[in-house]
Amino acid sequence: MREPLIELTQVSFTYPGSDTPVLNDVSLTLHRGDFTAIIGSNGSGKSTLCKLFNGLIPHYYSGDYFGVTKVCGQLSETSSVAELSKRVGYVYQDFENQLVRPTVFDDVVFTPLNYGYADYQTRGQKALMMMGLSQVKDEFIWSLSGGQKHLLALAGALAMDPDILVIDEPISQLDPQHARHIYDILKRLNEEYGKTIIVIEHHAEFIADYCKEVVLMDQGHVEWKRPTREALSSVETLLRLGIYPPQVTQAAWLDLKSREQLKIEGTLLPIRMSEAEHWFHSRTYSMTNQNEQGPQRSSTPDSQKTLVVAEDIRLSYRTIQKKMHPVLDGVNLTLQSGEAVAIIGNNGAGKSSLLKLIAGIVKPTGGYMNVNGYSLKGMTPERMAGHVTYVYQNPEEMFIEDSVQKEVGYYVRAHRLPDASERINKVLESFRLTGLKDRDARLLSGGQQRRVALAIGAAIEPSIMLLDEPTANLDIATKQEMLSVLSTLKSHVETVVIATHDMQLVAEWASRIIVMHQGKVIADGTKEQIFEDMKLLERAGLLPTQLMELSRSLGLPRICYTLDDFMEFYKPIEDEDSQREGEGSSWTSSKRHLTVSP
């Protein structure tokens, strides 16, 4: 029998000002050595659940608390947060708030030093070594990349040598290569160092590759805890709750439905790429529309006008050592009205810096930029705000009021927009915020905060809207809703530019993709031009989506970007009996069955 480390018995919790419990009669047991993913839509109670594990609830967050929480044999109700923190390391969504000292080494030893451990330096050195940060131990925190900061927050938690590590959205703002690196480290901590790992995660592909079990939450309840393959194969249940399994799992599920095999629930489906390749290769198919060409880029409308011109733009900042650190190095680009532009690239490529330049928040140290007919030289951010809205990567940076409705209203009235009340109510409804309008935005879940920030930007209706990582911290259902929101913006905004690591959003939405690397634009084109260049993606620290990889692996004539596209392209033979004659070369007759590991 494995040792239980976390035991919850009939736990309920309600935040002040709310009549609805965010946790409702939760009972759950997690064991030593588990690698557990907690999934659920935004607002389902995932983050609140994890705050029970280190005693933040009931000791730090006020509210109505009932039930029993036991962590590593200690009752949390009678144990302090300080005591529980020795056993439970926690890395929050806003992990940068956990970095409290000026240099890397000072920060990693901060907690064990304050607990009075004589070996605090040894603990810090070991934690940095485990995270691969030993070479930067003397660097200043602000000079690190986003991925390095995330690793440092994890190292700070590890320095206490806890039994349990809880990471809330470990890869929400990371490029795919850095994200894979984080999970490789978590896997090593679990398998080699015996740490119990708990992640709150929306990215099902990472859950499939790394986690051993999945806990599903809905409206404050724990619906079930299942082994990962069984959990991700529960496609109908997950989709009903707005949770999307891996794309290859959905493709296999749609394949079964297309064959009218209606008793799908309970069937174990492929959850990894290699399994999906076997699944589709071992079935009988006819590849339809073999000569079909991919979607072409729409023609440029005659009414299109130039909104942004950047010529040899450079941006640097001065370090403490009085050296100039380049962020953007000779960027040239032109943005037109009517475009849906995605700027992609790895962490530190310069995406956010470019958006802030366009918004007038920072000034270039060299080159020329014109936005909506105005030179940035001499334009204040306040004047530029009438032309450009910038929605921050960290949404809480936009919050200054004590309710969601007041947040949206502040910006609407600050811009002296007409029909303020009607505009506010409309945008609250569009972003599913009406039920949250009286809540403090800073106390909402990460995904809900993102929706508030997007609602603020949409309400202003600028000429240019800039969105920095618009789908970070969002559940997949809300990400899909973002596509609808972005389409709606077309009638109110002349052009939309997003900086993102979300390749699925890019594939389904963007008409133009700009690839950045080390402060330079290294490619600019359509999604067909960008995603067919694997060397380019690798250089930029990016990865194609599962459907793109599966399309390439199966030898389809072109890359598929959506499930509908894939399933239309790759039809089962049962649907094409009339085409069997004369097409023998397009058919396979293998009767092999999928074999998967537990």
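The values are calculated or read from the model by the stated rules, or taken from the named source; none is laboratory data. Fair warning: this is a prediction, and the values are worked out from it, not measured in the lab. Quick reminder, even Gly has a Cβ in these numbers, built from the backbone with ideal geometry, and neighbours come from all protein chains shown. We work out accessible area using only protein heavy atoms, side chains counted, and drop any ligands, DNA or RNA first. Shrake-Rupley method; radii C 1.70, N 1.55, O 1.52, S 1.80 Å.
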Debye, to nearest 20: dipole size of the range 305-438, +1 on Lys, Arg Cβ, -1 on Asp, Glu Cβ: 480
Most positive-pole-ward Cα, Ile400, Ala458, Phe105, against dipole of the chain from beta carbon charges: Phe105
Residues Arg180 and Ser511, FRET efficiency given R0 of 22 Å [Cβ-Cβ distance, rounded to 0.05]: 0.15
For the chain, with +1 on Lys and Arg beta carbons and -1 on Asp and Glu, the positive-most of His325, Val427, Ile514 along the dipole: His325
5 angstrom amide H check on Val362, placed H, neighbours 5+ away: Leu357
Positive dipole terminus of the chain, leading residue within Val71, Thr20, Tyr411 (C-beta point charges): Tyr411
The chain - Rg and Dmax from Cα coordinates, angstrom: 25.1, 80
Inter-probe distance in nm under a simple model that places probes 7 Å from Cα toward Cβ, at Lys490 and Ala414: 3.0
Share of Cα-Cα pairs in the range 388-449 lying beyond 13 Å, as whole percent: 63
Extension gain (nm, one decimal) between Tyr368 and Glu77, 0.36 nm per residue minus Cα-Cα: 98.7 nm
Distant-in-sequence amide H partners of Lys195 (H built 1.01 Å from N, under 5 Å): Asn190
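Between Asp329 and His281, what is the FRET efficiency for a Förster distance of 60 Å, r being their Cβ-Cβ separation, to the nearest 0.05?
That gives a FRET efficiency of 0.85.
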Karplus 3J(HN,Hα) series, Hz, for the range 545-561 with 6.51 cos²θ - 1.76 cosθ + 1.60 (x for Gly, Pro): 6, 4, 5, 4, 5, 5, 4, 5, 5, 7, x, 5, x, 8, 6, 9, 9
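Helix-only estimate, please: 222 nm mean residue ellipticity of the chain, summing -39500 (n - 2.57) across DSSP H runs of length 4 or more and dividing by its residues, to the nearest 500. It would help to have the intermediate numbers written out before the result.
Numbers: 24 runs with 201 residues, N = 598.
Rounded to the nearest 500, it is -9000 deg cm²/dmol.
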Dipole moment magnitude, nearest 20 debye, the chain about Cα centre, only Lys, Arg, Asp, Glu C-beta charged: 1260
Paramagnetic label zone (point 7 Å from Cα along Cα-to-C-beta, Thr9; backbone N under 16 Å) in the range 20-62: 25-30
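At 1.4 Å probe size, put Lys126, Lys479, Lys322 in order of accessible surface, largest to smallest.
Listed by decreasing accessible area, they come as Lys322, Lys126, Lys479.
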Expected-Rg normalisation [2.2 N^0.38 Å, Cα atoms] applied to the range 10-82: 1.09
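If you restrict to DSSP beta bridges whose two residues both lie in the chain, what percentage is antiparallel, to the nearest 5? Can you show the working numbers first?
Values: 47 of 81 bridges.
Taking every DSSP beta bridge within the chain, about 60 percent pair in antiparallel fashion.
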Bridge type composition, the range 416-571 - antiparallel percent by DSSP, nearest 5: 50
Gain on full stretching of the segment that runs from Arg32 to Ser337 - 0.36 nm per residue minus C-alpha separation: 104.3 nm
Listed peptides 217-225, 462-470, 419-427 by packing density, highest first (mean Cβ within 10 Å): 462-470, 217-225, 419-427
Proximal lysines to Lys351, defined as alpha-carbon separation beneath 24 angstrom and excluding residues fewer than eight positions away on the same chain: Lys149, Lys305, Lys323, Lys363, Lys377, Lys479, Lys490, Lys520, Lys527, Lys535
Calculated FRET value between Lys535 and Tyr317, using beta carbons and R₀ = 35 Å, to 0.05: 0.65
Directionally averaged shadow of the range 485-554, computed from the convex hull of its alpha-carbon atoms, nm²: 5.3
Residues whose placed amide H lies under 5 Å from that of Ala523, excluding near-sequence neighbours: Val515
Theoretical gain in end-to-end length, Ser62 to Glu223 [0.36 nm per residue, Cα-Cα removed]: 55.4 nm
Where N is the number of residues in the range 102-171, Cα Rg divided by 2.2 N^0.38 Å: 1.03
Set of aspartates and glutamates with alpha-carbon distance to Lys187 below 17 Å, sequence-local pairs under 8 removed: Asp34, Asp161, Asp163, Asp168, Glu169, Glu201, Glu205, Asp209, Glu213
